[in-house]
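First up is the structure itself, then whatever we jot down about it.
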Amino acid sequence: MVSIQLEEIGAKYGRTQILSGISTPQFNAGEVIALIGPNAAGKSTLFRRMAGLFAGPGTVILGADMSAAAICYMPQDTSSSALLSVYEAVVLARKQGSSLRVSPEDLAIVDSTMAALGITELSERNVSDLSGGQRQLVGVAQTLVREPKVLLMDEPTSALDLHRQIEVLALVRELAQQRGMIIFIALHDLNHVLRFTDKAMVVAGGGLVACGTVEEIITPAMLRRVYQVEARIESCSRGLRHVIVDGVVSEKVKMAVA
Amino acid sequence: MPSNTSGIAAQAASEVGAGRGHYHALVWRRQLILAAMAIALLACLCVDLALGPSNYALADVVKAFYAPEEVSIQIRVVLWEIRMPIALMAIVVGAALSVAGAQMQTILNNPLASPFTLGISAGASFGAALALAFGVALFPFVGALDYLVPINAFIVAMLTAGLIHLVSMRRGVSVQTIVLLGIALVFCFNALLALVQFFASQQAMAAVVFWTMGSLTKATWPKFWITLAILLAVMPIFVKRAWALTAMRLGDAKAESFGVNISRIRLETLLLVSLLAAIPVSFVGTIGFVGLVGPHIARMLIGEDQRFFMPAAALCGALLLSASSIVSKMLIPGTIFPIGVVTSLVGIPFFVSLILSNQKRPW
């Protein structure tokens with residue numbers, strides 16, 4: 001069974017406490033969970049703790065017959081000067097920790113993943129020649145070819161244009177349901193959270209502020225508390241919910257957005 | 001991109017094979033380049049063996065390999081006892097230094113990294129100078145000067161590597177810190193070397209200067225076998241980690257997300273590379289250029305998939321040094337120029353022309 005639950009997760013950089021006491025209910029296959037919160041709240045550190053890349057107190061409880069290798073972390077956009085083609089870079093992600101031989105099955109998975117993301121035409125391009133958005137799509141491909149059960153995506157759409165953002169998030173949702181994965185996705189755009197995710201975790205000041213369904217979490221009260229903004233949640237003519245920001249809550253600045 | 005489940009499968013099926021064809025062509029091209037380099041190296045070895053105070057026909061050299069009884073005893077003795085250890089030493093030293101440079105550049109993510117960036121070579125020079133100038137034996141049980149110098153050089157080189165290793169293990173030490181420490185060590189050992197030369201006799205100073213130029217004439221069969229053994233012991237470890245080492249070039253965050261234990265692999269590679277660099281430098285002196293440029297040439301020819309890049313770096317280094325050995329004998333007949341000097345003079349024009357003509361950036 002594919003599931004994950006966090007219990008009293010904490011993390012420290014030297015003497016600085018980054019995270020403490022983060023516990024969640026159990027998340028199950030097919031769910032897309034948004035990880036939201038202000039900058040430097042500890043979102044990336046939480047992902048790295050969950051992926052086992054960073055030591056600290058607490059436990060990540062996985063479903064029966066799931067191993068730590070089932071969790072894949074996709075870091076924020078990183079550039080590279082390596083002389084590797086995109087195709088090689090995706091094969092590289094697939095082959096980590098396994099034999100030197102690249103099998104036809106490996107290539108089939110790389111091919112289908114790149115095709116699904118619409119980046120087959122980038123195959124021969126060098127990774128150092130890609131734009132930020134293209135690098136993010138390659139990053140998504142590198143994560144998916146490892147066939148994870150739990151996928152942790154750290155701001156995967158930050159460098160993408162609006163069209164690509166929607167495409168990638170739609171694909172994420174589809175993959176979660178189609179492959180029975182649990183996908184955690186760190187996002188700053190709360191409208192994307194409302195539209196593409198099922199649940200949300202709010203991290204601020206190194207702790208978990210709230211965790212629940214998107215409808216429960218994305219509220220004017222939460223936005224005021226965590227982001228210090230005055231906002232409304234309203235439905236458009238197609239029934240989709242949107243965050244409308246009216247202004248910033250501040251002693252000094254009261255910016256009105258007409 | 002499709003927006004429904006069936007769409008993904010349909011599009012995937014239609015595009016399957018497009019990237020794969022490119023990949024197969026890439027792999028095939030790389031195998032061809034490696035084979036061509038191996039053949040060129042074999043040719044270089046034969047020419048290197050044929051050249052010397054008395055030049056032999058290439059046919060005699062080739063015959064000495066597969067039908068030694070058909071060539072004269074004189075040719076056989078000169079080839080096998082005198083020229084062969086030197087020619088083979090050029091190959092293994094070039095390969096070892098180039099692989100060491102390739103992995104240094106990989107783990108430090110720095111195009112200027114080489115076995116000499118971290119002070120390993122400078123440390124070896126200082127250790128050798130202590131023996132040559134004052135007869136100081138850092139390992140007291142060695143009497144003969146033939147081994148006193150390389151053992152001194154090796155000990156100081158490994159102490160340098162050990163110091164870097166210890167600093168690297170400290171929490172929070174970045175790659176940039178390691179490179180800066182290496183540069184500081186280079187300056188420190190160069191100052192100490194100058195001090196040794198200042199206090200040494202004129203004869204000893206000449207010996208120190210000659211040693212630091214690098215020379216293959218110091219090669220013997222035992223030294224060749226030791227260098228080869230180290231190379232053969234270390235290479236399989238790098239081969240086993242080919243995927244992880246390639247991932248390191250995508251950056252620490254990406255490699256870590258692939259499950260690569262970057263701090264462990266960096267520390268272990270640093271130690272192995274130190275060994276790979278210290279042994280040849282101890283035996284033949286400072287040959288700096290190969291460790292820096294060999295990997296860059298290999299990278300431009302073959303890319304950075306370590307399954308191909310590593311053997312290519314070894315072959316490039318071996319070819320560079322073997323070709324330099326040939327040139328060192330041809331410049332003035334009867335005189336063998338220091339190989340370290342020739343390597344730079346031969347390699348730099350080639351390297352510069354490659355950088356200027358190649359579409360791919362060297363880094």
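The values are calculated or read from the model by the stated rules, or taken from the named source; none is laboratory data. All of these numbers come straight from a predicted model, not from anything done at the bench. All Cβ positions, glycine included, derive from the backbone under ideal geometry; neighbour counts span all protein chains shown. Remember, those area values only see protein heavy atoms, side chains included, never the ligands or the DNA or RNA. Shrake-Rupley method; radii C 1.70, N 1.55, O 1.52, S 1.80 Å.
Can you name the residue in the stretch A:49-70 that is under 30 Å from B:GLY303 (Cβ atoms) and either in contact with an Asp or Glu (Cβ under 9 Å, 6 or more places away or on another chain) or open to solvent by less than 40 Å² (accessible area, probe 1.4 Å) (or both) and is also farthest from the other protein chains (Cβ to nearest Cβ) among such residues? Top of the filtered list is A:ALA51. I'd like to check something: does the stretch B:60-81 contain any residue that is over 27 Å from the mean Cα position of the chain (by Cα), more than 14 Å from every other protein chain (Cβ to nearest Cβ), among the polar types (S, T, N, Q) and assigned to a helix (DSSP H, G or I)? Yes, the stretch B:60-81 contains a residue that is over 27 Å from the mean Cα position of the chain (by Cα), more than 14 Å from every other protein chain (Cβ to nearest Cβ), among the polar types (S, T, N, Q) and assigned to a helix (DSSP H, G or I).
In the set (1) within 7 Å of another protein chain (Cβ to nearest Cβ); (2) not in a loop (DSSP other than H, G, I, E, B), the condition left unmet by A:LEU83 is number (2). Here the condition is being among the small types (Gly, Ala, Ser) and loosely packed, with under 11 Cβ neighbours inside 10 Å; of B:ALA67, B:ALA36, B:ALA43, B:ALA57, it holds for B:ALA67 alone. Scanning the stretch A:145-169 for residues that are open to solvent by less than 30 Å² (accessible area, probe 1.4 Å) and either within 24 Å of A:THR24 (Cα to Cα) or among the aliphatic types (A, V, I, L, M) (or both) turns up A:VAL145, A:PRO148, A:VAL150, A:LEU151, A:LEU152, A:MET153, A:ASP154, A:PRO156, A:LEU160, A:VAL168, A:LEU169. Please enumerate the residues belonging to the stretch B:257-293 that are part of a helix (DSSP H, G or I) and within 30 Å of A:GLN136 (Cα to Cα). Those that are part of a helix (DSSP H, G or I) and within 30 Å of A:GLN136 (Cα to Cα): B:SER257, B:ILE262, B:SER263, B:ARG264, B:ILE265, B:ARG266, B:LEU267, B:THR269. Note on the stretch B:277-334: among residues that are basic (Lys, Arg) and at pLDDT 90 or above, the one that is nearest to B:MET213 (Cα to Cα) is B:ARG299. Filtered by the rule that a residue be among the small types (Gly, Ala, Ser), in contact (Cβ under 8 Å) with a residue 40 or more places away in the chain and crowded, with 16+ Cβ neighbours inside 10 Å, the stretch A:79-127 gives A:SER80, A:SER81, A:ALA82, A:SER85, A:ALA89, A:ALA93, A:ALA116, A:GLY118. Screening the candidates B:PHE189, B:PHE198 for the property of being in a helix (DSSP H, G or I), at negative phi, open to solvent by less than 40 Å² (accessible area, probe 1.4 Å) and modelled with pLDDT of 90 or more yields one hit, B:PHE189. Please determine, by comparing only the residues of the stretch B:221-269 that are among the aromatic types (Phe, Trp, Tyr) and touching a helix residue (DSSP H, G or I) at 6+ places or on another chain (Cβ under 7 Å), which one is farthest from A:PRO75 (Cα to Cα). Checked the stretch B:221-269; the qualifying residue farthest from A:PRO75 (Cα to Cα) is B:TRP221. Per the conditions (1) within 17 Å of A:ILE183 (Cα to Cα); (2) at the interface with chain B (Cβ under 8 Å from one of its Cβ atoms), the sole criterion not satisfied by A:SER123 is (1). Number of residues in the stretch A:30-48 that are open to solvent by 30 Å² or more (accessible area, probe 1.4 Å), in contact (Cβ under 8 Å) with a residue 60 or more places away in the chain and within 14 Å of chain B (Cβ to nearest Cβ) equals 1. Of all residues assigned to the stretch B:234-246, none qualifies as being assigned to a helix (DSSP H, G or I) and touching a His at 6+ places or on another chain (Cβ under 8 Å). Being surrounded by 21 or more Cβ atoms within 10 Å (Cβ to Cβ), away from chain A (no Cβ under 14 Å) and of a type in the set (A, V, I, L, M) is true of B:VAL273. Per the listing B:LEU118, B:LEU132, B:LEU148, the residue uniquely buried (at least 24 other Cβ atoms within 10 Å of the Cβ), over 29 Å from B:ILE178 (Cα atoms) and touching a helix residue (DSSP H, G or I) at 6+ places or on another chain (Cβ under 7 Å) is B:LEU132. Of the residues screened, B:LYS254 is not one that is part of a helix (DSSP H, G or I), over 30 Å from A:LEU151 (Cβ atoms) and charged (D, E, K, R). The number of residues in the stretch B:252-270 being out of contact with any His (no Cβ under 7 Å at 6 or more places or on another chain), within 18 Å of B:LEU163 (Cα to Cα) and open to solvent by less than 10 Å² (accessible area, probe 1.4 Å) comes to 1. Listed conditions (1) part of a loop (DSSP other than H, G, I, E, B); (2) at pLDDT below 90 are all met by A:VAL102, apart from (2). Working only within the stretch A:140-182, note down all residues that are in contact with a Lys or Arg (Cβ under 8 Å, 6 or more places away or on another chain), under 23 Å from A:MET222 (Cβ atoms) and either part of a helix (DSSP H, G or I) or not acidic (Asp, Glu) (or both). Within the stretch A:140-182, A:THR157, A:LEU169, A:ILE182 qualify.
Residues in the stretch A:86-99 that are more than 7 Å from chain B (Cβ to nearest Cβ) and not in a helix (DSSP H, G or I) were compared, and the one that is modelled with the highest pLDDT is A:SER99. Among the residues of the stretch B:237-257, is there at least one that is away from every other protein chain (no Cβ under 14 Å), closer than 22 Å to B:PHE154 by Cβ and aliphatic (A, V, I, L, M)? No: zero hits. Scan the stretch A:206-213 and tell me whether some residue there is closer than 18 Å to A:MET50 by Cβ and at pLDDT below 90. Yes, because at least one residue in the stretch A:206-213 is closer than 18 Å to A:MET50 by Cβ and at pLDDT below 90. Can you name the number of the only condition in (1) part of a loop (DSSP other than H, G, I, E, B); (2) within 13 Å of chain B (Cβ to nearest Cβ); (3) surrounded by 18 or more Cβ atoms within 10 Å (Cβ to Cβ) that A:GLN76 fails? Here A:GLN76 meets the rest and fails (3).
May I ask you to verify whether A:ILE182 is closer than 29 Å to A:GLY10 by Cα, of a type outside the set (Ser, Thr, Tyr) and either open to solvent by 30 Å² or more (accessible area, probe 1.4 Å) or touching a residue at least 60 places away in the same chain (Cβ under 8 Å) (or both)? Against the criterion (closer than 29 Å to A:GLY10 by Cα, of a type outside the set (Ser, Thr, Tyr) and either open to solvent by 30 Å² or more (accessible area, probe 1.4 Å) or touching a residue at least 60 places away in the same chain (Cβ under 8 Å) (or both)), A:ILE182 qualifies.
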